[in-house]
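Right, one structure below, let's go through it.
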Amino acid sequence: MQAIYEDVKQLNGEIVVFSAETAEISADLARKQKLTYPVVQDVGLDISRSFGLAFMLPDDLKGVYSGFGIDLPKNTGRDVWELPMPARLVIDKEGTIRAIDADPDYTKRPEAEATLEVMRSL
């Protein structure tokens, strides 16, 4: 998304990322990835939940995450194994969702150009 950020701004849009991780972890990731758009804390997943995008990890996935050294409760500051589903929403100035692309498989992300296409159509 960083690659299209200037194009989004030229279309009078904004990119905002919601992070379920602690502020420290989110800031570190933003710094490492050289993100210039806002990263908003959604540590309690209230925002994600309001869009129906929060889910509890099943026990078998907890083991997979732990095997990769990921301590989700530590990273989120919450004693639960709950995550937001990766999603892209395009919301117009009136607050209407014009497009949504969500997939619980974090490896499947929408193409950045698809976001621009939706924005250009508004």
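Of 96, 107, 115, all but one fail to be touching a residue at least 24 places away in the same chain (Cβ under 8 Å) and hydroxyl-bearing (Ser, Thr, Tyr); the exception is 115.
Elements of the type strands (runs of 3 or more DSSP E) sitting completely within segment 14-59 and holding at least 1 residues that are more than 14 Å from the chain's Cα centre (by Cα) and either surrounded by 15 or more Cβ atoms within 10 Å (Cβ to Cβ) or not basic (Lys, Arg) (or both): these cover 54-56. Of all the numbered requirements in (1) under 17 Å from the mean Cα position of the chain (by Cα); (2) surrounded by 13 or more Cβ atoms within 10 Å (Cβ to Cβ); (3) over 23 Å from residue 21 (Cβ atoms), residue 119 misses one, and that requirement is (1).
Of all residues in segment 1-29, count the ones that are of a type in the set (D, E, K, R), in contact (Cβ under 8 Å) with a residue 24 or more places away in the chain and closer than 25 Å to residue 119 by Cβ. Final tally of qualifying residues: 2. Across segment 68-77, not a single residue is classified as at pLDDT 90 or above and more than 19 Å from residue 20 (Cβ to Cβ). I need a count of the residues in segment 30-47 that are of a type outside the set (Asp, Glu) and touching a residue at least 24 places away in the same chain (Cβ under 8 Å). Residues in segment 30-47 being of a type outside the set (Asp, Glu) and touching a residue at least 24 places away in the same chain (Cβ under 8 Å): 11 in total. If the condition is being outside any helix (DSSP H, G or I) and small (Gly, Ala, Ser), then segment 75-122 contributes 77, 87, 95, 99, 102. If you go through segment 69-81 one residue at a time, do you hit one that is in contact with a strand residue (DSSP E or B) (Cβ under 8 Å, 6 or more places away or on another chain), closer than 18 Å to residue 29 by Cβ and without any contact (Cβ under 8 Å) to a residue 24 or more places away in the chain? Yes, the conditions are met somewhere in segment 69-81.
The values are calculated or read from the model by the stated rules, or taken from the named source; none is laboratory data. Worth saying up front: this structure is predicted, and the values here are computed from it rather than measured. No Cβ is skipped: glycine too gets one built from the backbone with ideal geometry, and neighbour counts run over all protein chains shown.
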